[in-house]
Structure formats: structure tokens, C-alpha cells
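Shown next, in C-alpha cells, is the structure this report addresses.
The values are calculated or read from the model by the stated rules, or taken from the named source; none is laboratory data. These numbers were taken from a predicted model, which means no experiment stands behind them. As a convention, Cβ positions derive from the backbone with ideal geometry for all residues, glycine included, and neighbour counts pool all protein chains shown. Remember, those area values only see protein heavy atoms, side chains included, never the ligands or the DNA or RNA. Shrake-Rupley method; radii C 1.70, N 1.55, O 1.52, S 1.80 Å.
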Amino acid sequence: MIRLKVCGMREEENLKQLIQVGPHYIGFIFYKKSKRFVGDNDAISFIKPLNIPKVGVFVNEANSEIIRHAKALDLHMIQLHGDESPAQADELKSLGLKVIKVFSVSNQLPAEEFSKFKKAADFFLLDTKTDAYGGSGQRFDWSVLKDYDNEVPLFLSGGIGEEHLEEISDLNKKLNIHAIDVNSRFEISPALKNIDSISSFAQKLKAL
């Protein structure tokens, strides 16, 4: 089964609608420069009781700050989207948090970086390389995935839409794809998702 992660949520009513769709993970971005920055803990306290795995997305943040958010909002997973070290990821794992390490991909896989994080991260997330941190809504060349060793389960991200589902199904026969991560392709505006579009995608993903 390929799971679904919907990232970049912020609006309470929109979030309630999304939960009815039944994604496996919901991501909240704690990077202040992001258009989808979720805000401070008091403003988003409504996410704490949600009975769904919550992923906190951080960029080059100190672990003390990450842990503060994790405790305040009952985050289940931490997504490291910057230049974090294996030691930082390992410390978070030691506290019982699941860790997703993000790697930006262009025309080849960063195999050397992968090797550094194989013990420190529970999952790798592959996204399209850009000049800035965060998603681009663009897809990288999936042909490079033929070189992936499958040792760490993958979240696959980067401009994914319904037109890619058949290719995802083919990839999944060879790859350890844990989940598909979607965000900007399914938005009405930054952090506001089109629930009908996500619902359609989720149903078709589930049928693969």
C-alpha cells in the first residue's frame, strides 16, 4: 500500500475537511520563510488532539526548538528539510520521534548523502532540487530512481498529480515507496487545499 501525505496545512476548517478524506499523514511547515508557515503553537493549538500522524517540517532548526513544538502539538514525525546533520536526526530518533530526511534531486541521486543518514532517518523524502528550501511544484526526473538501493523507505514528492499515478504504480513494483507527498498542486491558495481534488487523488492512489 502506498500512503498519502498532504503537506502545508494551516486553516482549521480546511484541515477538518481533509481529515474526512483520510490521508495517512498531514504536514505542518514551521519554516518562517515559507508561504505555508503554520504560525506559533498557540495559534494552531487545534491540531494537537488530531488523531492522525502529524509531521512537523523544519529547516535548519535547532533540536531544542523542534522538540518544543513536538511536545506542544504532539507531533509524531519530524521532517528535516535543510542541511541538518545525521547527529541531529539521531538525537530526535532517540527521543522516540520518527525522522524523515529530505533530499533534493536533479539529475542524479545523492548517494553519498544517503549513506550518512541510513541509520539516523526512518524515511527519506525525495523532492525536486530548487534554489530555495521547500517544494517547487515541479517533478524531478524519476528515471534516476533506478539507482535507489531501497534500504530506507521513500516519500516521493515534487509536482505529483493524478496524471502520474500509472507511473507511480510501475515504480512501486521496484521501489520501496512508503508514501506520496502532495502540496502545491492541490491548492486553491498557499496552505488552502482543494479537498475535492485531494479526495479524487486519494481514491485513485488507494486503488493502485
Applying the selection to the stretch 148-176, what residues are open to solvent by less than 10 Å² (accessible area, probe 1.4 Å) and of a type in the set (A, V, I, L, M)?
152, 154, 156, 160, 168
Quick test for you: out of 149, 170, 181, pick the one residue that is farther than 21 Å from residue 25 by Cα and either in contact with a strand residue (DSSP E or B) (Cβ under 6 Å, 6 or more places away or on another chain) or part of a loop (DSSP other than H, G, I, E, B) (or both).
149
Check off (1) among the aromatic types (Phe, Trp, Tyr); (2) outside any loop (DSSP other than H, G, I, E, B); (3) within 17 Å of the chain's Cα centre (by Cα) for residue 31 and give me the number that stays unchecked.
(2)
Among the residues of the stretch 34-51 satisfying the criterion of being within 17 Å of the chain's Cα centre (by Cα) and of a type in the set (Lys, Arg), which is farthest from residue 11 (Cα to Cα)?
35
Matching residues in the stretch 119-135 (in contact with a Phe, Trp or Tyr (Cβ under 9 Å, 6 or more places away or on another chain) and modelled with pLDDT of 95 or more) number 4
Residues in the stretch 39-49: is at least one without any contact (Cβ under 8 Å) to a residue 40 or more places away in the chain, touching a His at 6+ places or on another chain (Cβ under 8 Å) and within 23 Å of residue 180 (Cα to Cα)?
no
Pairing a residue in the stretch 157-179 that is under 15 Å from residue 200 (Cα atoms) with any residue that is buried (at least 18 other Cβ atoms within 10 Å of the Cβ) and of a type in the set (Phe, Trp, Tyr), where Cβ atoms lie under 6 Å and the two sit 6 or more apart in sequence or on different chains, gives 162/201
Residues that are in contact with a helix residue (DSSP H, G or I) (Cβ under 7 Å, 6 or more places away or on another chain): list the strands (runs of 3 or more DSSP E) wholly contained in the stretch 72-130 that include at least 3 such residues.
98-105
Expected output for the stretch 70-84 (first residue among the polar types (S, T, N, Q), partner crowded, with 16+ Cβ neighbours inside 10 Å, Cβ below 6 Å, 6+ apart or cross-chain) is 79/55; 79/57; 79/100
In the stretch 51-66, anything at pLDDT 95 or above and open to solvent by 30 Å² or more (accessible area, probe 1.4 Å) is listed as 53, 60, 61, 62, 64, 65
